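FYI, it's all coordinate maths here, none of it is from the lab. Note that the coordinates shown come from a computational prediction; the quantities given were computed from them, not determined experimentally. FYI the Cβ positions are ideal-geometry reconstructions off the backbone, even for glycines, and counts take in every protein chain you see.
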Amino acid sequence: MGAPLLKTEVHHRRPDLAGLTLSELETFMVELGQNTYRGGQVMRWVHHGLAVSFDGMTNLSKALREELATRASICGPVVSARTESEDGTTKFLLQLDDGHCVETVFIPGDDHDTLCVSSQVGCAMGCRICRTGRMGLVRNLTAGEIVSQLLSVRRELPESHITNVVFMGMGEPLANFDQTVRAIRIMTHPNGPQISWRRLTVSTCGFVPKIRELGRELRVKLAVSLNAVTDEQRSAIMPINRTYPLAELLAALKEYPLPRGSRITFEYVLIGGFNDSDADARQLVRILNPIRAKVNLIPLNQDPEGEFQAPSPARVLRFQEILMSRSLMAIVRRSRGQDILAACGQLASGVEAAT
């Protein structure tokens, strides 16, 4: 299964410095007749200084700043809307250079803050329990556009302490593999936003070939949207399962290189009367038994336009009890930002109108 065809692509005439690695920035500065160390200086201004223009880069000469202004750009999406939930979660609608929009979600915590970033405008995966999936795919994001979600929120919330980044926003990150990997390398670089590898998670709906490639390329944590325990059940809500069925997915996950003490997170959206029975719970234990796994149980976030129902609280607890009684780590994840359509599977609000 290849990457879906895109309706539009972004071609920047000038290099976007937010999306360049240190070696690329050094090469770019040499092409301008500068020493390589200038690349590190510019990278720190972009990611540490949160610069959106070259005027304030005071350790660069005025002539170099003027040349950079004509030869390069710094991706700085416009914050079109900012909505805060009762629980402190904040959703940002960011308008990109071509007018398309993506959503990114800031989730405050007690000792750290988390940012949920998007990797695509829309999504081609078509999962029936996800609002983004019903949009279809508009286009991939560039690495600069992915990284700039973090930079934009840090500018908007200067008191925040974002240490965790999760690729769980709009889009399938592994369907935009090259730009996702590039963005992660920039985010984790000492001259970049300085996100620790241990605090960065990539979520996938099951893009099997790229799961193997991700394990070879990076050391990031992996989360898998599973949501079902049989092929018939999963194919009914997640079309990707028809191409990469459960056996193939689970085989790839068994081979995924995990750091010592780490586990693959399986996201399991509980849908009332569909995948939340005692038998489903027991089967989930059986299929995950060979994998170092933990399960995030996510009661379906009710969508007025959706076709499925949320399970009862009692059913959620019973499902969790069965998993834990069989030594499978299972946590009921409290959805954040439901009142502003910022929770799992809810991102899409305002995007259609903006594009």
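Of note:
- Neighbours of LYS294, meaning other residues whose beta-carbon lies under 14 angstrom from its beta-carbon, give a summed charge of +4 when Lys and Arg score +1 and Asp and Glu score -1.
- Estimated 222 nm signal from helices in the chain, with DSSP H stretches of n ≥ 4 weighted -39500 (n - 2.57), rounded to 500: -9000 deg cm²/dmol
- Free of any GluC sites (Glu not before Pro) that DSSP assigns to a loop and that have at most 13 other C-beta atoms within 10 Å, the longest stretch within the chain is 160-254.
- D (Stokes-Einstein, µm²/s), Kirkwood Cα radius, the stretch 59-137, 0.692 mPa s at 37 °C: 212 µm²/s
- Diffusion coefficient (Stokes-Einstein, Kirkwood radius over C-alpha pairs, 25 °C, 0.890 mPa s) for the stretch 63-211: 154 µm²/s, rounded to a whole number.
- Whether the stretch 232-276 is rounded, prolate or oblate, judged on the alpha carbon gyration tensor where a/c under 1.5 counts as rounded: oblate
- Translational diffusion coefficient of the stretch 131-201 (Stokes-Einstein, Kirkwood radius from Cα pairs, 4 °C, 1.567 mPa s): 100 µm²/s.
- Gap separating the Cα centres of the stretch 24-62 and the stretch 98-132, nearest whole Å: 30 Å
- Formal net charge of residues neighbouring SER196 (Cβ-Cβ distance under 13 Å; K, R +1; D, E -1): +4
- Ranked MET329, MET125, criterion: other C-beta atoms within 10 Å, fewest first: MET329, MET125
- The chain: proportion of alpha-carbon pairs further apart than 32 angstrom, %: 31 percent
- Residue exposure proxy: SER312, SER203, SER118, ordered by other Cβ atoms within 10 angstrom of their Cβ from fewest to most, comes out as SER312, SER203, SER118.
- Unit Cα scatterers, Debye sum, the stretch 9-109: log10 I(q)/I(0) for q = 0.20 Å⁻¹: -1.00
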